Amino acid sequence: MIIDSPVGRFPFTATRIRFRGGRIRLEGAMGTWPTSVDVGIGELPAVAVRLLPVRTLAALAGLVTVVAIAVRLRRRDRP
């Protein structure tokens, strides 16, 4: 990956991704500097809209809806 910034273009090498406390953290190095990017779960829809085509987003929304309904029904059926 390349990071474009006002001070130049830097290579970014991803080394790890973590999910913690409602956030996603992408760790890596930008050139020789250790770097991380934190994304909140609430920010993901805005990121997805910019990255994915509309048809993919519609399919993803449908899948999320089906999974949510299935989880709810499963919880309701538990004794």
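So, of the residues in the range 36-75 that are in contact with a strand residue (DSSP E or B) (Cβ under 6 Å, 6 or more places away or on another chain) and not aliphatic (A, V, I, L, M), which turns out to be nearest to Arg9 (Cα to Cα)?
If we take residues in the range 36-75 being in contact with a strand residue (DSSP E or B) (Cβ under 6 Å, 6 or more places away or on another chain) and not aliphatic (A, V, I, L, M), then Ser36 is nearest to Arg9 (Cα to Cα).
For the range 13-52, which positions are assigned to a strand (DSSP E or B), over 9 Å from the mean Cα position of the chain (by Cα) and among the small types (Gly, Ala, Ser)?
Passing the criteria: Ala14, Gly28, Ala29, Ser36.
If you check every pair at least six apart or on different chains, which have Cβ atoms under 6 Å apart with a residue in the range 25-52 that is surrounded by 12 or more Cβ atoms within 10 Å (Cβ to Cβ) first and a residue that is of a type in the set (Asp, Glu) second?
Pairs found: Arg25/Asp38; Ser36/Glu27.
Each reported figure results from applying straightforward, stated rules to the coordinates on display, with no laboratory input. Values in this document were obtained by computation on a predicted structure and should not be read as measured data. Here the Cβ is made from the backbone with ideal geometry for all residues, glycine too, and neighbour counts use every protein chain on show.
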